[in-house]
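Novice: Handing you this structure, nothing more for now.
The values are calculated or read from the model by the stated rules, or taken from the named source; none is laboratory data. Everything numeric here is computed off the predicted structure, so don't read it as measured data. Glycine also receives a Cβ, built like all others from the backbone with ideal geometry; neighbour counts cover every protein chain displayed.
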Amino acid sequence: MKKPYNVRKSAIQRGYRSGLEDNIAKQLKRLNTGAEYEPFKIPYYIPKSDHTYTPDFVLPNDIIIEVKGLFNSADRKKHILVKDQHPDLDIRFVFSNSKSKLYKKSKSTYADWCIKHNFIFYDRIIPEDWLNENKKGTNTHKSFIKFKGTKIKRR
């Protein structure tokens, strides 16, 4: 069995940021979904400064998948801001373990946070019903290809 560091290192060599992202990519490829990995950046701002959020995966039905092993405070704040500023986007999480605590002595879990903030989530894989959902709109993310007059390159 590979050590966690070696799994991540192998995933990074294949262009992913974690072993879990690599596993999700393999699942999507095996199911021939046509999903894209980090195809664009979505602008969002933190008061007094501009930032962008790059989704991990975007399914052909415009569902945005964010893959998380560690879900730290900065990530949670970012996703609340993105959701507030882009309520039309369907952002969902795939956690390595949604029962993980938000922080060491927390009673709340990643799942509790998602429920509180109305995010859909799952553990370890993308459920097939997400893959089979119909598009809610027409390419809601296409508007992010241009940001502040500059074309954003798709990977």
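Novice: Say whether the condition of being modelled with pLDDT of 95 or more and surrounded by fewer than 10 Cβ atoms within 10 Å (Cβ to Cβ) is met by at least one residue in segment 88-97.
Specialist: Within segment 88-97, not a single residue is modelled with pLDDT of 95 or more and surrounded by fewer than 10 Cβ atoms within 10 Å (Cβ to Cβ).
Novice: Restricting to segment 28-69, name every residue that is within 17 Å of ASP123 (Cα to Cα) and over 15 Å from the mean Cα position of the chain (by Cα).
Specialist: none
Novice: Look at segment 106-127 and say how many of its residues are assigned to a loop (DSSP other than H, G, I, E, B), aliphatic (A, V, I, L, M) and either without any contact (Cβ under 8 Å) to a residue 40 or more places away in the chain or surrounded by 16 or more Cβ atoms within 10 Å (Cβ to Cβ) (or both). Before you say what the answer is, go through the steps one by one.
Specialist: Start the filter on segment 106-127 by keeping residues that are assigned to a loop (DSSP other than H, G, I, E, B), which leaves 106-108, 117-119, 124-127.
Those still in the list that are aliphatic (A, V, I, L, M) too: 125-126.
From the residues that got through so far, the ones that are either without any contact (Cβ under 8 Å) to a residue 40 or more places away in the chain or surrounded by 16 or more Cβ atoms within 10 Å (Cβ to Cβ) (or both) too are 126.
Adding up the residues that qualify gives 1.
Novice: Can you find a residue that is of a type in the set (S, T, N, Q), part of a loop (DSSP other than H, G, I, E, B), under 23 Å from ASN32 (Cα atoms) and touching a residue at least 12 places away in the same chain (Cβ under 8 Å) anywhere in segment 97-105?
Specialist: Checked segment 97-105: no residue is of a type in the set (S, T, N, Q), part of a loop (DSSP other than H, G, I, E, B), under 23 Å from ASN32 (Cα atoms) and touching a residue at least 12 places away in the same chain (Cβ under 8 Å).
Novice: For ASP88, which of the numbered conditions (1) in a loop (DSSP other than H, G, I, E, B); (2) more than 20 Å from ILE126 (Cβ to Cβ); (3) in contact with a Pro (Cβ under 7 Å, 6 or more places away or on another chain) fails to hold?
Specialist: Evaluating ASP88 over (1) in a loop (DSSP other than H, G, I, E, B); (2) more than 20 Å from ILE126 (Cβ to Cβ); (3) in contact with a Pro (Cβ under 7 Å, 6 or more places away or on another chain) leaves (3) as the failure.
Novice: Next up: Any residue at all in segment 25-35 that is farther than 22 Å from HIS117 by Cβ, in contact with a helix residue (DSSP H, G or I) (Cβ under 6 Å, 6 or more places away or on another chain) and either in a strand (DSSP E or B) or not hydroxyl-bearing (Ser, Thr, Tyr) (or both)? Break it down into steps so the answer makes sense when it comes.
Specialist: Within segment 25-35, the subset farther than 22 Å from HIS117 by Cβ is 25-35.
The next check asks that each one be in contact with a helix residue (DSSP H, G or I) (Cβ under 6 Å, 6 or more places away or on another chain); those that pass are 33, 35.
Add one more test, that the residue is either in a strand (DSSP E or B) or not hydroxyl-bearing (Ser, Thr, Tyr) (or both), and what stays is 35.
Yes, some residue in segment 25-35 is farther than 22 Å from HIS117 by Cβ, in contact with a helix residue (DSSP H, G or I) (Cβ under 6 Å, 6 or more places away or on another chain) and either in a strand (DSSP E or B) or not hydroxyl-bearing (Ser, Thr, Tyr) (or both).
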